Each structure stands twice: as structure tokens, then as C-alpha cells.
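Structure, as C-alpha cells:
The values are calculated or read from the model by the stated rules, or taken from the named source; none is laboratory data. Just so it is clear, the model here is predicted, and its values are computed rather than measured. Here the Cβ positions follow ideal geometry from the backbone for every residue, glycine too, while neighbour counts run over all protein chains shown. We work out accessible area using only protein heavy atoms, side chains counted, and drop any ligands, DNA or RNA first. Shrake-Rupley method; radii C 1.70, N 1.55, O 1.52, S 1.80 Å.
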Amino acid sequence: MTDIALNEPEATRALARQLADLAEPGCAILLSGPVGAGKSELARAFVRAWLSDDTAEVPSPTFTLVQAYEGTRGTVWHCDLYRLGDPQELDELGLEEAISDAVMLIEWPEKLGARVQDDRLDLRLDITPEDTRRAQLTPHGRWGDRLARLIAAARSTRSAS
């Protein structure tokens, strides 16, 4: 597990851009944490980075449950499962079909039940007592190597400063 301080909203967006650089179709990023911790902000920045368009409109899928975005590297599905009542409802969303071909950004992943991908990054965002954010990243599958590259890049950036 890796713990990252996100002391300002730009740090959350920078993390999202780094994750978008490392992601590839067939992987998932499961975003958990309390309301207001920055899950949607991170997902929005990830989608914009994936699309290489800082002005892309990326609405929250709270009511639609899923928004799909086509980029040159493939499709990103941004899912907000907060309103999902039962994991059986996932069948209606078409997630099973999309998992192998798309990058999945899933808010409220606890609603997935046992339907969790092997190649995933569990990313928990929390609000600190100082009203900043912290991210805990736990890699699974190929995300172990990806996360190691992210950490190495962060260290080399700090040492070059």
C-alpha cells in the first residue's frame, strides 16, 4: 500500500493524470472514501487526461450510473455505483462486457460485491482532520508494476527539484 498526501485539489488532479498515463484497457481503478473526499474530482481529471482534453465536459454519473468516453487509447467507463441497490443490477449496466476492453473508474466499488477485477488499483481517498486529502493506493495484478513506476517517477521528480 502507498499513502500519498493530496494537500490541494491540484495534487488530486496530478495524481489522476499520472494514473491515466499508466492505465490501459482491461484495468480498473476502484475509488472509495466518504462523500466529499474527491472521488469525482479524481475521476474527472483522469478522464480529461485520458482524452488529452483539459476542457472536456465530464459530468458525474450519479444518476446515469455510467458515462463512457472514447479516447485514442481506448474507452474509459466512469461508474458511480452509489445508487445501486443490488449487485445483480450490474448486469443491466453491461460492466461485464466492458471490463476486458475499457479502463474502469468505479466510485463506490463496495457495491460490486464479489465482482472485482484482478487487475485493479484500490484507491481510497480520505479527508484529514486538517481538511486536506490523503490517498491510499493498493495495487492488484499488473497495478503493482504500474504503481512502482509512479513512485519511481515521483522520487526522481523530487530529487531533480
Report summary line: If we ask which residues in the stretch 122-145 are of a type in the set (Ser, Thr, Tyr) and open to solvent by 40 Å² or more (accessible area, probe 1.4 Å), their number turns out to be 1
Query raised in the report: Pick from the stretch 32-54 the residues that are surrounded by fewer than 17 Cβ atoms within 10 Å (Cβ to Cβ) and without any contact (Cβ under 8 Å) to a residue 60 or more places away in the chain: which of them is farthest from Ala153 (Cα to Cα)?
Result: Val35
Requested in this report: Quick one: which residue in Glu70, Glu89, Glu57 is more than 23 Å from Ala152 (Cβ to Cβ) and assigned to a helix (DSSP H, G or I)?
Outcome: Glu89
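From the list Leu90, Leu95, Leu105, Leu112, which residue is at pLDDT 90 or above and either of a type in the set (D, E, K, R) or surrounded by 15 or more Cβ atoms within 10 Å (Cβ to Cβ) (or both)?
Values: Leu90 fails: at pLDDT 90 or above; Leu95 fails: at pLDDT 90 or above; Leu112 fails: at pLDDT 90 or above.
Of the residues listed, the single one that is at pLDDT 90 or above and either of a type in the set (D, E, K, R) or surrounded by 15 or more Cβ atoms within 10 Å (Cβ to Cβ) (or both) is Leu105.
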Query raised in the report: Does any residue in the stretch 17-31 that is among the acidic types (Asp, Glu) come within less than 8 Å, Cβ to Cβ, of a residue that is surrounded by fewer than 17 Cβ atoms within 10 Å (Cβ to Cβ) and at pLDDT below 95 six or more places away or on a different chain, and which pairs are these?
Result: Glu24/Arg73; Glu24/Gly74
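Can you tell which of Val35, Val47 is within 24 Å of Thr128 (Cα to Cα) and either at pLDDT below 90 or not polar (S, T, N, Q) (or both)? Even if it seems obvious, please write down each step before you answer.
Working: Val47 fails: within 24 Å of Thr128 (Cα to Cα).
So the residue among Val35, Val47 that is within 24 Å of Thr128 (Cα to Cα) and either at pLDDT below 90 or not polar (S, T, N, Q) (or both) is Val35.
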Query raised in the report: So how many residues does the stretch 55-70 have that are open to solvent by less than 20 Å² (accessible area, probe 1.4 Å) and at pLDDT 80 or above?
Result: 2
